[in-house]
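Remarks on the structure that follows.
The values are calculated or read from the model by the stated rules, or taken from the named source; none is laboratory data. Quick caveat, the model's predicted, so the values are computed rather than measured. Here Cβ is always computed from backbone atoms with ideal geometry, including for glycine, and neighbour counts include all displayed protein chains.
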Amino acid sequence: MSELSIELSWRRSETELRPGKYSNAHTVRYNDTYEMQVDAAPDWGGDASNTNPEQALGAALSSCHMMTFLALAAKAGWPVAGFKDRAVAYLGKNPKGQMSVVKIDLHPVVAFDAGFTVAAEELDKMQHRAHRYCFIANTLADNVEINICTI
């Protein structure tokens, strides 16, 4: 089993910890080198200039999906020249009535080398196959929608 870790650090800047009167802003460090400023989502009082856990979850899913797609495309001999995505995480209440990321939409756009084309049905099949094999997607419930775009 692989062990992949981060370091999270938060320190209260207010004189006391009181409901709704403190900052959730904190730092997440990856691989002892890269730091990211994180906060609550803006709807929950966070600083919009920082990322938030919900965006990070969408980014993790998008990144995993892309890497899985690229691995499958390479095996199929598809000359992928570029890949872009826009992941959107939606907050709401789950069936238990708890706040949750209730859905994540991916909008992948794939560019191929000049002269290479693939039928829309094949691209759709490959994107859904990538979703099926993505580690992060397999960790989440069935609340991911893939909206395939072409260029």
Of the candidates VAL110, VAL118, the one satisfying the condition of being closer than 23 Å to SER63 by Cα, surrounded by 15 or more Cβ atoms within 10 Å (Cβ to Cβ), of a type outside the set (Asp, Glu) and more than 21 Å from the chain's Cα centre (by Cα) is VAL118
Expected single match for at pLDDT 90 or above and on the phi > 0 side of the Ramachandran plot among GLY46, GLY77, GLY58 is GLY77
Just one listed residue, out of ASN24, ASN50, is farther than 19 Å from ASN147 by Cβ, buried (at least 16 other Cβ atoms within 10 Å of the Cβ), in contact with a strand residue (DSSP E or B) (Cβ under 6 Å, 6 or more places away or on another chain) and in contact (Cβ under 8 Å) with a residue 12 or more places away in the chain, and it is ASN50
Worksheet item: Is it the case that the range 57-72 has a residue that's more than 29 Å from CYS134 (Cα to Cα), aliphatic (A, V, I, L, M) and surrounded by fewer than 17 Cβ atoms within 10 Å (Cβ to Cβ)?
Response: no
Just one listed residue, out of TYR30, TYR34, is in contact (Cβ under 8 Å) with a residue 24 or more places away in the chain, of a type in the set (Ser, Thr, Tyr) and either touching a His at 6+ places or on another chain (Cβ under 6 Å) or closer than 26 Å to LEU140 by Cβ (or both), and it is TYR30
Filtering the range 62-76 down to residues that are in contact with a strand residue (DSSP E or B) (Cβ under 9 Å, 6 or more places away or on another chain) and more than 18 Å from ASP124 (Cβ to Cβ) yields ALA74
Flagged in the range 21-50 as closer than 21 Å to SER100 by Cβ and more than 20 Å from the chain's Cα centre (by Cα), in numbering order, are ASN24, GLY45
Only one of (1) surrounded by 12 or more Cβ atoms within 10 Å (Cβ to Cβ); (2) at pLDDT below 95 does not apply to GLN37, and that is (2)
Those residues of the range 1-17 that are surrounded by fewer than 10 Cβ atoms within 10 Å (Cβ to Cβ) and more than 19 Å from ASP47 (Cβ to Cβ) come to a total of 7
Can you confirm whether ASP113 is closer than 26 Å to ASP43 by Cα and at pLDDT 95 or above?
no
Of the listed residues (ALA81, ALA73), the one being among the small types (Gly, Ala, Ser), farther than 22 Å from LEU140 by Cα and touching a Phe, Trp or Tyr at 6+ places or on another chain (Cβ under 7 Å) is ALA81
